[in-house]
Amino acid sequence: MIKIEDEFDVPCPPSEAWRLIEDVNRFATCIPTLIEYRIVDDTHIEGRVGVRLGLVPVSSRISIDIVERSAPRCIKALGVSYLGEAVAKPGSKPGAAGLSRDSVGTLDIHIDLRDGEGGGTRVKYVAGVEAEGRLRRIYEMLIKTKVP
């Protein structure tokens, strides 16, 4: 699994920080590389993520469900990225790098809020991406370009 992790402090109590991330519109902005999204309901987001691979833009459709809300401390979401749709040619044999249109990656997003110093909040963010086979190599390459 490829992981993007970070911890940081925000100058508000966990209850205020919670109000920000439990709002599905604001939670959507926590999805790495999100370029557009649509709120389906209070637990489901659909949209597109995108990055540049050198000079080549690559984007894929995503579908994400918030699967746990443990107020005011934790929110978790699981989803799917349909990268195969973006890199494989429609109606043909496997396209770029041998990928088929149904090649997908899974997404796992977890945000934890803890008491921080001085009444603030310590936020821990973990986003994981899992892909198999040839798609895994493409994901690794995409993530490496975005790490800095």
Condition check: over 17 Å from residue 110 (Cβ atoms), open to solvent by less than 70 Å² (accessible area, probe 1.4 Å) and in contact with a strand residue (DSSP E or B) (Cβ under 8 Å, 6 or more places away or on another chain). Does residue 51 satisfy that? yes
I'd like the residue in segment 31-48 that is touching a Gly at 6+ places or on another chain (Cβ under 9 Å) and not in a strand (DSSP E or B) and, out of all such residues, is least open to solvent (accessible area, probe 1.4 Å). 31
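Just one of 58, 80, 51 is without any contact (Cβ under 8 Å) to a residue 60 or more places away in the chain and not acidic (Asp, Glu); which is it?
80
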Cross-chain or 6+ apart pairs with Cβ under 6 Å, segment 105-123 first and open to solvent by less than 20 Å² (accessible area, probe 1.4 Å), then in a helix (DSSP H, G or I) and β-branched (Val, Ile, Thr): 111/21
Can you name the condition, by its number, that residue 26 falls short on among (1) basic (Lys, Arg); (2) closer than 30 Å to residue 116 by Cα; (3) touching a residue at least 40 places away in the same chain (Cβ under 8 Å)? (3)
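This table checks each residue for (1) among the aromatic types (Phe, Trp, Tyr); (2) within 20 Å of residue 30 (Cα to Cα); (3) outside any loop (DSSP other than H, G, I, E, B); (4) at pLDDT 90 or above.
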| site | (1), (2), (3), (4) |
| --- | --- |
| 67 | no, yes, yes, yes |
| 76 | no, yes, yes, yes |
| 100 | no, no, no, no |
| 106 | no, yes, yes, no |
| 109 | no, yes, yes, yes |
Take the conditions open to solvent by 20 Å² or more (accessible area, probe 1.4 Å), under 28 Å from residue 140 (Cβ atoms) and either at pLDDT 95 or above or polar (S, T, N, Q) (or both) and apply them to residue 63. Does it pass? yes
Do we have any residue at all in segment 1-18 that's outside any helix (DSSP H, G or I), touching a Pro at 6+ places or on another chain (Cβ under 7 Å) and among the hydrophobic types (A, V, I, L, M, F, W, C)? yes
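Please verify whether segment 19-30 includes one or more residues that are assigned to a strand (DSSP E or B) and either loosely packed, with under 13 Cβ neighbours inside 10 Å or more than 12 Å from the chain's Cα centre (by Cα) (or both).
Checking segment 19-30: not a single residue is assigned to a strand (DSSP E or B) and either loosely packed, with under 13 Cβ neighbours inside 10 Å or more than 12 Å from the chain's Cα centre (by Cα) (or both).
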(1) in a loop (DSSP other than H, G, I, E, B); (2) at pLDDT below 65; (3) within 20 Å of residue 131 (Cα to Cα): which one isn't true of residue 92, the others all being true? (3)
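The values are calculated or read from the model by the stated rules, or taken from the named source; none is laboratory data. Note that this is a predicted model, so its numbers are computed, not measured. Quick reminder, even Gly has a Cβ in these numbers, built from the backbone with ideal geometry, and neighbours come from all protein chains shown. The protein model used for the area step is the full one, side chains on, heavy atoms only, and it has no ligands, DNA or RNA in it. Shrake-Rupley method; radii C 1.70, N 1.55, O 1.52, S 1.80 Å.
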